[in-house]
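A short write-up of the structure that comes next.
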Amino acid sequence: MSVTVGVINETNELERRVAITPEVAAKIRKWGWQVVLETRAGEAAGFPDSDYTDCEIAPSADAVLKQADVIFRVSPPDAAFFQAAKEGACIIGFMSPFTDQERFKVAAERKQVVFAVELIPRTTRAQAMDALSSQASIGGYKGTLIAANESPRFFPMLTTAAGTIRPSHVLVIGAGVAGLQAIATAKRLGAIVTAYDVRPETAEQVESLGAKFLDLGVQAVGEGGYARALTPEELEQQRQALKDFLNKVNVLITTAAVPGRPAPKIVTADMAKNMKTGSVIVDLAAEGGGNCELTEPGKTIEINGIKIIGPLNVPATVPMDASLMYSRNLYNFSSLLNDDGKLHFNWEDEILAGCVLTHDGQLVHPVLTGEKS
């Protein structure tokens with residue numbers, strides 16, 4: 001009996017991505033698996049039902065969930081979704097495993113196998129499956145465009161008949177995937193770019209993109225490619241050193257975030273208010289509360305002539321390419337489950353074992369069990 005992959009419409013009002021694109025649906029069918037989508041599931045991302053050739057288009061979410069052995073998702077599901085999904089189904093997507101953990105008990109009771117893509121180990125072998133990175137790169141790109149659009153200044157230097165316009169000075173805080181893409185995009189737009197990160201090893205990456213690395217004398221190297229939390233003393237040192245530099249920039253883009261934790265408050269209210277009039281702050285960590293104390297998630301506010309923007313779900317604002325990248329991540333991950341057309345779970349595989357939340361009727365990940373990994 002063949003395996004059926006199902007995708008339903010995302011219910012989050014800000015979500016325009018789809019978990020499977022026509023390209024990936026065709027690849028999955030070559031495994032001998034079937035694909036069923038709820039009607040219009042890909043429409044918001046630019047993929048109408050007619051693009052999904054040789055796939056079943058179902059009239060409702062229930063019609064999909066009753067038959068799907070594997071379910072691809074973008075937004076984290078709620079308890080009702082696990083209740084509606086087929087018993088024993090495999091569910092793959094963003095899960096927000098650090099929040100509302102009671103819902104995973106429903107999945108365990110229904111013997112569902114749940115994989116959280118945000119917990120996929122950040123190893124060389126798993127790079128093609130790293131949905132956090134693929135979507136963060138889109139966030140960094142689009143966040144820079146938001147800044148350029150909202151700024152009262154040009155990003156590049158322009159020489160005109162009316163004289164020369166000096167380029168904007170952009171500071172990017174956080175040199176992870178989102179930060180590096182923000183740096184690269186700001187450079188393409190012609191800005192002078194400086195970047196800061198508490199991980200000194202990122203300096204070479206920053207400079208390779210043509211930006212200047214800002215050394216504030218604070219280092220905080222953590223595990224898994226993330227920075228560790230700063231001590232109160234380190235945080236104060238960082239803020240004092242950063243305060244003077246912020247007076248020199250026109251645009252600040254902050255990207256410092258760690259999944260499952262509140263975003264670190266790097267920019268105090270006082271620091272933000274003392275920036276130049278006309279400055280723009282784009283806080284890409286807004287979903288975690290923001291790197292700036294004044295950020296209001298989902299809103300744009302203006303204080304002392306300084307615009308502070310806290311966008312949510314930025315990758316969904318570039319839905320077609322975000323879906324292409326995310327769907328390919330899920331395809332590469334699902335290839336680990338394909339055993340000559342059959343669905344198979346190899347729990348000796350470090351990637352599968354590293355991101356599974358529930359299987360065999362149990363909560364199994366340390367995030368849920370409270371055990372040390």
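The values are calculated or read from the model by the stated rules, or taken from the named source; none is laboratory data. Keep in mind that what you see is a predicted model, and the values were worked out from it rather than measured. Note: ideal-geometry Cβ built from the backbone for every residue, glycine included; neighbour counts use all protein chains shown.
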Worksheet item: What is the residue count in segment 31-85 for residues that are more than 22 Å from the chain's Cα centre (by Cα), in a loop (DSSP other than H, G, I, E, B) and among the acidic types (Asp, Glu)?
Response: 2
Discussion item. For segment 323-354, give me each residue that is in a loop (DSSP other than H, G, I, E, B) and charged (D, E, K, R).
Written reply: 340, 348, 349
Worksheet entry | Filtered residue count, segment 168-203, keeping only those that are crowded, with 24+ Cβ neighbours inside 10 Å, assigned to a helix (DSSP H, G or I) and modelled with pLDDT under 95 | 0
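For segment 109-167, give me each residue that is hydrophobic (A, V, I, L, M, F, W, C) and more than 30 Å from residue 358 (Cα to Cα).
Step one: filter segment 109-167 for residues hydrophobic (A, V, I, L, M, F, W, C), giving 113-117, 119-120, 126, 128-129, 131-132, 136, 138, 145-148, 154-155, 157-158, 161-162, 165.
Correct list: 145, 146, 147, 148, 154, 155, 157, 158, 161, 162, 165.
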Item to complete: With the condition kept exactly as written, say whether any residue in segment 325-341 is in contact with a Ser or Thr (Cβ under 9 Å, 6 or more places away or on another chain), without any contact (Cβ under 8 Å) to a residue 24 or more places away in the chain and either of a type in the set (Lys, Arg) or surrounded by 19 or more Cβ atoms within 10 Å (Cβ to Cβ) (or both).
Response: no
Discussion item. Could you go through segment 43-62 and let me know if any residue there is crowded, with 21+ Cβ neighbours inside 10 Å, over 18 Å from residue 15 (Cβ atoms) and touching a residue at least 60 places away in the same chain (Cβ under 8 Å).
Written reply: no
Worksheet item: Among the residues of segment 160-167, is any within 27 Å of residue 308 (Cα to Cα), surrounded by 24 or more Cβ atoms within 10 Å (Cβ to Cβ) and more than 23 Å from the chain's Cα centre (by Cα)?
Response: no
Worksheet item: Just one of the numbered conditions (1) part of a helix (DSSP H, G or I); (2) not assigned by TED's automatic domain parsing to the domain that holds residue 195 is not true of residue 141; which one?
Response: (2)
Item to complete: Find all pairs meeting these conditions: Cβ atoms under 7 angstrom apart; at least six residues apart or on different chains; first residue within segment 351-373 and without any contact (Cβ under 8 Å) to a residue 24 or more places away in the chain and under 23 Å from residue 332 (Cα atoms); second residue not basic (Lys, Arg) and not in a strand (DSSP E or B).
Response: 353/347
Fill in: Yes/no for residue 11 being modelled with pLDDT under 95, part of a loop (DSSP other than H, G, I, E, B) and β-branched (Val, Ile, Thr)
yes
Discussion item. Being surrounded by fewer than 19 Cβ atoms within 10 Å (Cβ to Cβ) and modelled with pLDDT of 95 or more is true for just one of 127, 135. Which residue is that?
Written reply: 127
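Could you go through segment 99-107 and let me know if any residue there is crowded, with 22+ Cβ neighbours inside 10 Å and small (Gly, Ala, Ser). Explain how you work it out, then say what you get.
Taking segment 99-107 first, the residues crowded, with 22+ Cβ neighbours inside 10 Å are 104, 107.
Going one step further and asking which of them are small (Gly, Ala, Ser), we end up with 107.
Yes, segment 99-107 has at least one match.
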Discussion item. From the list 262, 319, 311, exactly one residue is of a type outside the set (Asp, Glu), under 15 Å from the mean Cα position of the chain (by Cα) and at pLDDT below 95. Which is it?
Written reply: 262
Worksheet item: Hey, any hits in segment 232-241 for a residue that's more than 20 Å from the chain's Cα centre (by Cα) and either part of a loop (DSSP other than H, G, I, E, B) or among the aliphatic types (A, V, I, L, M) (or both)?
Response: yes
